[in-house]
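Colleague: Okay, handing you the structure first.
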Amino acid sequence: MRIRHLVLALAGVFAVGSSQAATEIQWWHAMAGKLGERVTELANEFNASQTDYKVTPVYKGNYGETMNAGIAAFRSGNAPHILQVFEVGTATMMNAKGAIQPVQAMMEASGEKFDRDAYIPAVAGYYSTPDGKMLSLPFNSSTPVMHYNKDLFKKAGLDPEAPPKTWQQVLEASKKLKAAGVECAYTTTWPSWVQLETFSAWHNVPYASKNNGFDGLDARLEITSPLHVRHITNLASMAKDGLFTYGGRAGNATSLFLAGQCAMLTGSSGDRAGIVDASKTNKFEFGTSTLPYYEGVPGAPQNTIIGGASLWVFANKPAAEYKGVAKFFSFLSSPEIQARWHQQTGYLPITLAAYQLTRESGFYDKNPGADVSVQQMVVKTTDKSRGVRLGFLPQIRDISEEELELAFAGKQSAQESLQKAQKRGNELLERFEKSVK
């Protein structure tokens with residue numbers, strides 16, 4: 001019996017020693033609620049698949065708070081291995097000399113198979129250097145789409161299977177919805193991202209010079225074109241007539257749609273999971289369609305641009321730990337994991353194989369509209385539609401939305417709002433250029 005007890009005791013010691021030997025990988029992220037639960041599930045699944053590494057996900061607040069926490073931790077010498085950074089922080093991370101470990105270089109050095117061409121081109125291109133080397137790993141990539149409430153469409157006598165495709169059709173549908181007593185005909189989330197940045201790419205017009213910032217730090221905003229002024233003027237007019245309800249910055253307006261109050265919402269494809277749940281709770285049927293565009297604009301519609309975030313790796317970690325990060329990234333990029341993430345959340349499948357797997361599974365047949373986000377992105381981009389890569393872009397968004405709010409409230413013209421936003425934004429870009437140099 002003593003020998004048996006000794007064997008069991010030694011087994012326990014070795015088991016404890018084995019679990020302690022797993023190399024911990026810290027992952028700081030900004031996913032709350034249901035998305036946070038999915039992040040934890042991914043980490044647990046990876047941890048259960050092997051015994052060498054343990055990924056520990058840590059929620060650090062919203063995107064801005066998470067990025068600030070990561071930068072502060074790096075400066076103090078306590079950076080995590082992986083930091084989730086929203087797409088508007090890309091230029092800042094790229095120019096943080098000595099702070100990041102480029103993902104493609106890390107993957108190759110760690111011996112992990114890595115094929116940049118496996119990723120959706122418009123997504124991979126955004127997070128790559130001019131010579132095509134990926135700096136961060138796309139994770140929860142999204143793009144703006146239009147969600148609409150089919151029940152409210154029926155109430156207004158609109159065809160629930162024929163959502164508006166143009167801005168003129170949005171206007172006409174909004175009038176019918178208001179006449180039918182619908183409290184909120186149309187609203188939007190992320191006003192700068194949807195109505196300025198993506199609007200520009202969708203219409204194949206520049207948002208900023210220098211290939212929207214991809215070709216140099218001396219890029220400057222170009223949002224006072226006749227098309228931009230026309231669009232914001234139209235939105236302000238709709239707001240005045242009670243056809244457009246301004247729901248606030250970031251994703252605040254989503255709650256109006258989730259509650260069944262708004263008939264149309266332009267917002268992130270990543271809202272899909274929340275909308276599916278809300279439609280069951282509040283008992284309404286919804287559809288998803290492409291973003292509206294203006295007829296007669298050459299090249300429109302072109303493609304939408306990405307939102308969401310990517311995963312950046314901090315520098316100055318041991319090679320053994322980078323090997324664990326690389327294995328985790330291979331796990332996250334696998335077609336099965338990406339297909340499931342896409343289907344559960346509405347975020348883009350970042351690889352073409354995951355998109356193909358989802359399509360072959362019949363998911364899109366059972367969930368019409370779930371592939372709209374991918375269809376808007378799987379096209380060849382132009383120098384005006386690749387995306388926006390500017391320094392201080394989070395602050396530029398705040399400025400733009402501050403000025404847009406005044407236009408929507410009827411306190412200044414659309415042209416004045418855009419001129420002020422451009423002037424103030426360009427002052428920030430000039431400061432960023434000087435600080436980097």
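The values are calculated or read from the model by the stated rules, or taken from the named source; none is laboratory data. Nothing here was measured: the structure is a model prediction, and the numbers come from that model. Virtual Cβ from ideal backbone geometry, glycine too; neighbours counted across all protein chains shown. To get the accessible areas, we keep the full protein, side chains included, count just its heavy atoms, and leave off ligands, DNA and RNA. Shrake-Rupley method; radii C 1.70, N 1.55, O 1.52, S 1.80 Å.
Colleague: Residues to consider are G387, G308; find the one that is at pLDDT below 95, assigned to a strand (DSSP E or B), touching a Phe, Trp or Tyr at 6+ places or on another chain (Cβ under 8 Å) and open to solvent by less than 40 Å² (accessible area, probe 1.4 Å).
Modeller: None of the others qualify; the one that does is G308.
Colleague: Could you say which residue among E405, E416 is open to solvent by 10 Å² or more (accessible area, probe 1.4 Å), without any contact (Cβ under 8 Å) to a residue 24 or more places away in the chain and out of contact with any Lys or Arg (no Cβ under 8 Å at 6 or more places or on another chain)?
Modeller: Every option except E416 fails the conditions.
Colleague: Considering G251, G260, G287, which residue is open to solvent by less than 50 Å² (accessible area, probe 1.4 Å) and out of contact with any Lys or Arg (no Cβ under 9 Å at 6 or more places or on another chain)?
Modeller: Within the list G251, G260, G287, the selection yields G251.
Colleague: Listed residues S435, S400; which is open to solvent by 70 Å² or more (accessible area, probe 1.4 Å), assigned to a helix (DSSP H, G or I) and closer than 19 Å to G64 by Cβ?
Modeller: Checking each option against the conditions leaves just S435.
Colleague: Please work out which residue is farthest from Q422 (Cα to Cα), limiting yourself to segment 206-236 and to residues that are under 25 Å from the mean Cα position of the chain (by Cα) and of a type in the set (K, R).
Modeller: K210
Colleague: Here's a follow-up. Being open to solvent by 20 Å² or more (accessible area, probe 1.4 Å) and either in a loop (DSSP other than H, G, I, E, B) or in contact (Cβ under 8 Å) with a residue 40 or more places away in the chain (or both) is true for just one of T224, T187, T198. Which residue is that?
Modeller: T224
Colleague: For the subset of segment 371-383 comprising residues that are in a loop (DSSP other than H, G, I, E, B) and at pLDDT below 95, which member is surrounded by the fewest Cβ atoms within 10 Å (Cβ to Cβ)?
Modeller: Step by step, filter segment 371-383, then rank; the result is K380.
Colleague: Taking segment 414-437, which residues are in contact with a helix residue (DSSP H, G or I) (Cβ under 7 Å, 6 or more places away or on another chain) and not hydrophobic (A, V, I, L, M, F, W, C)?
Modeller: Q415, S417, K420, R424, G425
Colleague: Being in a helix (DSSP H, G or I) and surrounded by fewer than 24 Cβ atoms within 10 Å (Cβ to Cβ) is the filter here; which residues of segment 175-184 pass it?
Modeller: K175, K176, K178, A179
Colleague: Do we have any residue at all in segment 320-334 that's free of Cβ contacts under 8 Å to residues at least 40 places away in the same chain and within 30 Å of E112 (Cα to Cα)?
Modeller: Yes, there is a match, as at least one residue in segment 320-334 is free of Cβ contacts under 8 Å to residues at least 40 places away in the same chain and within 30 Å of E112 (Cα to Cα).
Colleague: Please state which one of L152, L158 is in a loop (DSSP other than H, G, I, E, B), at negative phi, open to solvent by 10 Å² or more (accessible area, probe 1.4 Å) and touching a helix residue (DSSP H, G or I) at 6+ places or on another chain (Cβ under 7 Å).
Modeller: L158
Colleague: Okay, next question. All but one of (1) at pLDDT 95 or above; (2) over 26 Å from G64 (Cα atoms) hold for I82; state the number of the condition that does not hold.
Modeller: If we test I82 against (1) at pLDDT 95 or above; (2) over 26 Å from G64 (Cα atoms), just (2) comes out false.
Colleague: Go over the candidates T290, T198 one by one and state the one that is hydroxyl-bearing (S, T, Y) and either at pLDDT below 95 or touching a strand residue (DSSP E or B) at 6+ places or on another chain (Cβ under 6 Å) (or both).
Modeller: Of the residues listed, the single one that is hydroxyl-bearing (S, T, Y) and either at pLDDT below 95 or touching a strand residue (DSSP E or B) at 6+ places or on another chain (Cβ under 6 Å) (or both) is T198.
Colleague: Please state which of the following conditions F392 fails to meet, knowing it meets all the rest: (1) out of contact with any helix residue (DSSP H, G or I) (no Cβ under 6 Å at 6 or more places or on another chain); (2) over 22 Å from V145 (Cα atoms); (3) among the hydrophobic types (A, V, I, L, M, F, W, C).
Modeller: Only one criterion is unmet by F392, namely (1).
Colleague: Tell me which of these L171 doesn't satisfy, since it passes every other one: (1) of a type in the set (A, V, I, L, M, F, W, C); (2) open to solvent by 30 Å² or more (accessible area, probe 1.4 Å); (3) under 17 Å from the mean Cα position of the chain (by Cα).
Modeller: Here L171 clears every test but (3).
Colleague: Between residues in segment 246-275 that are among the acidic types (D, E) and residues that are at pLDDT below 95 and surrounded by fewer than 19 Cβ atoms within 10 Å (Cβ to Cβ), which pairs lie under 9 Å by C-beta distance while being six or more apart or on different chains?
Modeller: Filtered contacts from segment 246-275: D271/G251.
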